[in-house]
Amino acid sequence: DILDPERLVQCPYDKHHRIRARRFPYHLVKCRKSYPQVAKELSTCPFNARHLVPQADLRDHISNCNDKRFIEEEIACEASDFQRRQMNSVSTWQAPPCDEDWDT
């Protein structure tokens with residue numbers, strides 16, 4: 001289960017480190033300091049800071065990242081809500097009074 005805080009996650013800095021998901025962000029900070037050479041070679045996913053991938057693989061990761069789908073769905077929902085609010089809002093615009101008399 002991806003949402004299980006007790007599941008074990010592999011550290012991107014040292015493949016022998018397996019950390020509980022709930023502690024993973026803290027471990028990343030610690031390991032980044034311990035492995036500065038490896039840290040230089042990794043890039044952070046723009047959709048989830050827990051995803052550290054080799055720089056050469058970042059483009060591929062971005063196109064396939066599961067968290068990207070959640071963000072795109074959220075953006076789509078917000079856009080849909082905005083459109084719905086726009087369509088449901090009643091216009092209060094009134095035409096200005098006209099002084100012209102076309103019959104005269």
Step by step: first the residues of the stretch 51-74, then only those that are touching a Cys at 6+ places or on another chain (Cβ under 9 Å) and of a type in the set (D, E, K, R), then the one that is surrounded by the fewest Cβ atoms within 10 Å (Cβ to Cβ). Which residue is that?
Asp67
Consider the stretch 15-49. How many of its residues are part of a helix (DSSP H, G or I), among the β-branched types (Val, Ile, Thr) and open to solvent by less than 70 Å² (accessible area, probe 1.4 Å)?
1
Looking at the stretch 56-91, which of the residues that are aliphatic (A, V, I, L, M) and under 18 Å from the mean Cα position of the chain (by Cα) is nearest to Lys40 (Cα to Cα)?
Leu58
Considering only the stretch 50-57, I want to know if a residue exists there that is part of a helix (DSSP H, G or I) and free of Cβ contacts under 8 Å to residues at least 12 places away in the same chain.
yes
Result of the Cβ filter at 7 Å on the stretch 76-92, keeping first residues that are at pLDDT below 70 and partners that are exposed (fewer than 10 other Cβ atoms within 10 Å of the Cβ) and not in a helix (DSSP H, G or I), at least 6 apart or interchain, is none
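Look through the stretch 75-104, keep the residues that are part of a helix (DSSP H, G or I), open to solvent by 100 Å² or more (accessible area, probe 1.4 Å) and of a type outside the set (A, V, I, L, M), and return whichever of them is farthest from Gln37 (Cα to Cα).
Asn88
The values are calculated or read from the model by the stated rules, or taken from the named source; none is laboratory data. These figures come from a predicted structure and were not determined experimentally. When we count neighbours, we look across all protein chains shown, and the Cβ atoms used for this are built from the backbone with ideal geometry, even at glycine. The accessibility values were calculated without ligands, DNA or RNA, using every heavy atom of the protein model including side chains. Shrake-Rupley method; radii C 1.70, N 1.55, O 1.52, S 1.80 Å.
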